[in-house]
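See structure below.
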Amino acid sequence: MRIVENSFHGPVDRRFAVDRAHRGDVEGAFGTIASHDTEPRRTLARRLATLAAIVGPGLIVLAADNDAGGLSVYAQAGQDYGTSLLWVLLLLAPVLFINQEMAARLGAVTGAGHARLIYERFGRWWGSFALSDLLVLNVLIVATDFIGMTLALGQLRVSRYLAVPLAVAFLLVVTAGGSFRRWERTMVAMVALDALLIPMALLVHVGSASVALPAPQSVTGDQVFLLVALVGTTAAPWQLFLQQSSVVDKRVTARWLSYARVDTAIGTACMVLSAAVVLIACAAAFGGTPLAGRFTDAGGVIRGLGLTSGGPAGTIFALVLLNASLLGAAAVTLSSAYAVGDVLGVKHSLRRGWADAPRFHAAFAITVVAGAAIALLPGVPVALITNAVQALAGALLPSACVFLLLLCNDADVLGPRTNPRWLNALGAVEVGFLMVISAFLAITTAFPGADQREVIAILTAGGAAFFVAWGVLLAVEGRRRGEPAIRGWWERRTWTMPAIETLSAPLLTRGRSFGLVLLRGYLLVAVAFVIVRIVETAR
C-alpha cells in the first residue's frame with residue numbers, strides 16, 4: 001500500500017466524482033502549512049503555529065451549536081428550572097468531544113465526507129435514510145435560527161420581512177466567495193463575538209445563582225421533553241457531517257490529528273462554557289421574580305433581562321442571539337450542502353464558487369430559503385417549534401452515533417486508526433444514555449401514570465445489557481478482521497484510506513446487523529413519541 005503524506009490518492013469513480021480540492025496546503029484562519037512540510041514540531045513556537053493553522057473546524061462547529069435554538073433551550077432551562085439541569089451540560093461535554101473527535105479522525109484519514117462513507121459502507125438504503133433525516137432536520141433547525149434573528153432584531157424595531165432577506169443575502173455571500181480561508185475567518189470572527197456573554201453575566205450578577213448540580217428526584221413529562229431538547233441542541237447530527245467535511249476541505253490529514261483533537265477540545269470547552277453562562281445567567285436573573293417558570297421565547301428572555309437586570313443586559317443578549325442565529329444557520333446549512341455533494345458525487349468545496357460548484361451552492365441556497373420561508377409563516381409558535389426541533393434532534397442523535405461507531409470500527413476505512421476498545425465502550429454507554437432518555441420520554445408520554453423510578457431502573461438495566469453485548473460483538477469482530485499491515489511508526493501515523501472505490505464490500509457482521517436493527521426499531525418508536533409529545537404540547 002502506498003503511503004502519501006498530506007494528500008489522498010487513487011482513481012475517481014465517475015459515479016462519485018468527488019471534489020479533490022484537499023490536495024495542497026492546509027490553509028487556516030491563522031496560518032498555513034505547506035503540503036511539502038514534513039518537519040517535526042520540536043519547539044513550542046512551531047507547535048503553536050501549527051495549531052493556529054489547524055484550529056477551525058472543531059471550534060466553529062461546536063460554537064455554532066449554540067445557535068438560536070440552543071440559546072433558547074438553555075435560557076428556558078435556567079428561567080423555568082434554575083440550575084437544576086446544569087448537570088446535563090457537564091455530562092454531555094465528554095459526549096461532544098468523543099463524537100467530534102471520531103468525525104475529525106474519519107475526515108483526516110479517509111478524505112471523504114460523512115454522508116459518502118455511510119453510502120459506500122452501508123448501502124444506498126441506509127445512506128438515503130441518514131441523508132433524508134439530516135436534510136429535513138437541518139431545514140427545521142435553520143428555521144429556528146431565522147426565528148431567532150427576527151426576535152433579536154425585533155427588539156431593535158427591525159421588521160422581520162427586512163431582517164430575513166438581509167440574513168439570507170449575508171449567508172449566501174459569505175459561502176459563495178470561493179475561499180475556504182475567507183469563510184473560516186468570518187466564522188471565527190463571529191465565534192469571538194460570544195465573548196459578549198461575559199459583560200452580560202457581570203450585569204446579571206451570575207454569582208447570585210445557587211448552582212444545583214444534582215438532577216431532580218422526580219420529573220414531569222415537560223421536563224423530560226426539555227431534557228431531550230437539551231441533549232438535541234448540545235449534540236446534534238449535523239455536527240458530525242460538518243466537522244468531517246470541513247476537515248477534508250481544509251486539507252487536514254492524519255499527520256495533524258493530534259492538533260485536530262486540540263481544536264475539538266477548545267471548541268467543546270467554548271460551547272459548554274457559553275451554554276452554562278446563559279443557563280446560570282437566566283437562573284440568576286429570573287429566580288425569585290414573577291417571571292420565574294414563565295418562559296415564552298427568546299424575545300421574552302430579552303425583555304425579561306431588561307426588566308430584571310437593566311436594558312444593557314437585554315441588548316447584549318439580543319446581539320448574542322443575532323450572532324448565534326447567523327453562525328448556526330451558516331454551519332447547519334453548510335452541512336447539508338456538503339452531504340448533498342457527497343451523495344450526488346459533484347464538486348463540493350468552499351474553495352469553489354457558484355460557477356465551479358453550482359449544485360453544492362444550490363443545495364446551500366435551497367436550505368437557507370426553505371428555513372427562511374418557515375420562519376416567515378404567520379403565527380408560527382416560536383417556543384414550541386424551537387423545543388420540538390431540538391427534541392427531534394435528540395431523538396435522531398443515537399442513530400447518527402451508531403453509524404459513527406460502526407465506521408470507526410471499520411478497519412478498511414480507518415486502518416490503524418480504528419477505535420480502541422475503551423472508546424467503543426464509552427461510545428456504547430453514550431448511545432445507551434441517549435436512548436434511555438428518549439425511551440423514558442416515550443414511556444412517560446404513553447403511560448403518564450407509570451412509576452418514574454421503576455421505568456428508569458428497567459431502561460437502564462436493559463440498555464446496559466444490550467450495549468455491553470453489542471460492544472463485545474464489535475470487539476470480537478475487530479480482532480478477527482485485524483488491521484492493514486503497517487511497517488513502522490511513521491507509516492502508522494500517516495496512513496490514509498485508499499480510494500474508497502477500491503475498497504472491498506463491507507461484511508454484514510453480527511455486530512453491524514445488531515446495531516442497524518437496533519437503529520431501525522429505535523427511530524420508529526422514539527420519533528413517533530416525540531411527535532406525540534409535540535402535538536400534546538401544542539394543544
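The values are calculated or read from the model by the stated rules, or taken from the named source; none is laboratory data. Keep in mind it's a predicted model, so treat the numbers as computed, not measured. Every residue, glycine as well, gets a Cβ built from its backbone with ideal geometry; the counts of neighbours run over all protein chains shown. Ligands, DNA and RNA are excluded from the accessible area calculation, which covers all protein heavy atoms including side chains. Shrake-Rupley method; radii C 1.70, N 1.55, O 1.52, S 1.80 Å.
Comparison of 216, 237 shows that the only residue that is under 30 Å from residue 436 (Cα atoms) and either open to solvent by 40 Å² or more (accessible area, probe 1.4 Å) or at pLDDT below 70 (or both) is 216.
Put simply, of 71, 140, 106, 62 the only residue that is surrounded by fewer than 24 Cβ atoms within 10 Å (Cβ to Cβ) and in contact (Cβ under 8 Å) with a residue 12 or more places away in the chain is 140.
Taking each residue of region 357-372 that is without any contact (Cβ under 8 Å) to a residue 60 or more places away in the chain and among the small types (Gly, Ala, Ser) and looking for partners that are surrounded by 24 or more Cβ atoms within 10 Å (Cβ to Cβ) and part of a helix (DSSP H, G or I) with beta-carbon atoms closer than 8 Å, six or more apart or interchain, yields 363/336; 363/337; 363/341.
Only one of the listed residues (341, 310, 328, 314) is touching a residue at least 24 places away in the same chain (Cβ under 8 Å), more than 25 Å from the chain's Cα centre (by Cα) and open to solvent by less than 10 Å² (accessible area, probe 1.4 Å). That residue is 314.
Where helices (runs of 4 or more DSSP H) fall entirely within region 79-169, those with at least 2 residues that are of a type in the set (Val, Ile, Thr) are at 86-110, 124-154. Residues considered: 398, 416. Of these, the only one that is in contact (Cβ under 8 Å) with a residue 40 or more places away in the chain and closer than 21 Å to residue 517 by Cβ is 398.
Criterion applied to 252, 247 was being open to solvent by less than 10 Å² (accessible area, probe 1.4 Å), on the phi < 0 side of the Ramachandran plot and not in a helix (DSSP H, G or I), and the one residue passing it is 252.
Exactly one residue out of 81, 119 is open to solvent by 10 Å² or more (accessible area, probe 1.4 Å), closer than 30 Å to residue 294 by Cβ and in contact (Cβ under 8 Å) with a residue 24 or more places away in the chain: that is 81. For region 494-518, the tally of residues that are within 27 Å of the chain's Cα centre (by Cα), modelled with pLDDT under 70 and hydrophobic (A, V, I, L, M, F, W, C) stands at 2. Restricting attention to region 122-137, the residues being buried (at least 19 other Cβ atoms within 10 Å of the Cβ) and more than 20 Å from the chain's Cα centre (by Cα) number 1. For residue 147, indicate whether it is over 17 Å from residue 376 (Cβ atoms) and not acidic (Asp, Glu). In short, no.
In summary, residue 321 fulfils each of the numbered conditions (1) open to solvent by 10 Å² or more (accessible area, probe 1.4 Å); (2) aliphatic (A, V, I, L, M); (3) under 18 Å from residue 75 (Cβ atoms); (4) part of a helix (DSSP H, G or I) with the single exception of condition (1).
The condition of being among the charged types (D, E, K, R) and more than 30 Å from residue 173 (Cβ to Cβ) holds for only one of 303, 251, that being 303. Would you confirm whether any residue within region 276-291 is among the small types (Gly, Ala, Ser), assigned to a helix (DSSP H, G or I) and surrounded by fewer than 24 Cβ atoms within 10 Å (Cβ to Cβ)? Scanning region 276-291 turns up at least one residue that is among the small types (Gly, Ala, Ser), assigned to a helix (DSSP H, G or I) and surrounded by fewer than 24 Cβ atoms within 10 Å (Cβ to Cβ).
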